[in-house]
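Enquirer: Quick one: this structure, given as structure tokens, is what I'll be asking you about.
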Amino acid sequence: MYSDKVMDHFTNPRNVGEIPNADGVGEVGNARCGDIMKMWIKVENNVITDIKFKTFGCGAAIATSSMITELAIGKTVEEAEKITNQQVAEALEGLPPLKMHCSNLAAEALGAAIADYRSRTATTA
Ligand code: FES
């Protein structure tokens, strides 16, 4: 049912944890299943230099959050927020159709962390 890449990121997720002094934090929930994902980003000179996540959810949610951290790190904030759930699924060599909604969670969590980062920099600028 799952690609080797999904299984790899599920059993050995990258960038799990928290960033204590994060520049942006996003937390989202999946209304369809109740799973929760939280993401922390560190931004320097408009580039995402570090990213961590915690996912209380299904295997596909864990694999997609792991993969999106790898896709986002080293990218500018603008580039990172353009990463779609489709791109995450493609990088994982596909997700079963029933699990595509799980990949929305990763893109939404990253988007929420970036929105938080923007709101913080707007008030301190
Ligand atoms: Fe909840 Fe996958 S079933 S995110």
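Enquirer: May I ask you to evaluate 6.51 cos²θ - 1.76 cosθ + 1.60, the Karplus curve with θ = phi - 60°, for each residue of segment 81-88 and list the ³J(HN,Hα) values in order in whole Hz, giving x for glycine and proline?
Expert: Values, residue by residue: 6, 8, 5, 9, 4, 5, 5, 5 Hz.
Enquirer: Determine the distance separating the Cα centre of segment 50-72 from the Cα centre of segment 95-125; give it in Å without decimals.
Expert: Cα centroid of segment 50-72 versus Cα centroid of segment 95-125: 11 Å apart.
Enquirer: Sticking with this one: How far is helix 100-124 tilted, in degrees, relative to the longest principal axis of the Cα atoms in the chain, given as a value from 0 to 90 rounded to the nearest 10?
Expert: Roughly 0 degrees between the two axes.
Enquirer: Applying the Karplus parametrisation 6.51 cos²θ - 1.76 cosθ + 1.60 with θ = phi - 60° to the phi angles of segment 19-35, what ³J(HN,Hα) value in whole Hz is obtained for each residue in order, glycine and proline being reported as x?
Expert: 10, x, 9, 5, 8, x, 10, x, 10, 9, x, 9, 5, 6, 10, x, 6
Enquirer: Would you mind working out the magnitude of the charge dipole of the chain relative to its Cα centre, with +1 at each Lys and Arg C-beta and -1 at each Asp and Glu C-beta, to the nearest 20 Debye?
Expert: 200 debye
Enquirer: Could you please put Cys102, Cys58 in sequence from largest to smallest accessible area, using a 1.4 Å probe?
Expert: Correct descending sequence by accessible area is Cys58, Cys102.
Enquirer: Quick one: which residues, 5 or more positions from Asp35 or on another chain, have an amide H under 5 Å from its amide H? H modelled 1.01 Å from N in the peptide plane, none for Pro or chain starts.
Expert: Asn30
Enquirer: Keeping every protein chain in place, order Met100, Met37, Met7 by accessible area at 1.4 Å, biggest value first, i.e. largest first.
Expert: Met7, Met100, Met37
Enquirer: For the chain, what does the helix formula give at 222 nm: sum of -39500 (n - 2.57) over DSSP H segments with n ≥ 4, over the residue count, nearest 500 deg cm²/dmol?
Expert: -14500 deg cm²/dmol
Enquirer: Could you check how many percent of all C-alpha pairs in the chain are farther apart than 18 Å?
Expert: Tail fraction, whole percent: 45.
Enquirer: Taking the Cα atoms only, what angle lies between the long axis of helix 59-72 and the longest principal axis of the chain, rounded to 10 degrees?
Expert: The angle comes out at about 40 degrees.
Enquirer: Shifting gears a bit: 5 Å is the cut-off here: which amide hydrogens, built 1.01 Å from N in the peptide plane, fall below it relative to Gly24, excluding neighbours closer than 5 in sequence?
Expert: Ile41
Enquirer: Taking Lys75 as the anchor, which aspartates and glutamates have their alpha carbon closer than 16 Å to its alpha carbon, excluding any fewer than eight residues away along the same chain?
Expert: Within the straight-line cut-off, Lys75 pairs with Asp23, Glu44, Asp50.
Enquirer: Then there is this: Return the sequence-ordered ³J(HN,Hα) values of segment 44-58 in whole Hz as given by the Karplus equation 6.51 cos²θ - 1.76 cosθ + 1.60 applied to θ = phi - 60°, using x for Gly and Pro.
Expert: 10, 6, 6, 10, 6, 9, 8, 7, 9, 8, 9, 10, 9, x, 6
The values are calculated or read from the model by the stated rules, or taken from the named source; none is laboratory data. These figures come from a predicted structure and were not determined experimentally. When we count neighbours, we look across all protein chains shown, and the Cβ atoms used for this are built from the backbone with ideal geometry, even at glycine. Only protein heavy atoms, including side chains, enter the accessible area calculation; ligands, DNA and RNA are left aside. Shrake-Rupley method; radii C 1.70, N 1.55, O 1.52, S 1.80 Å.
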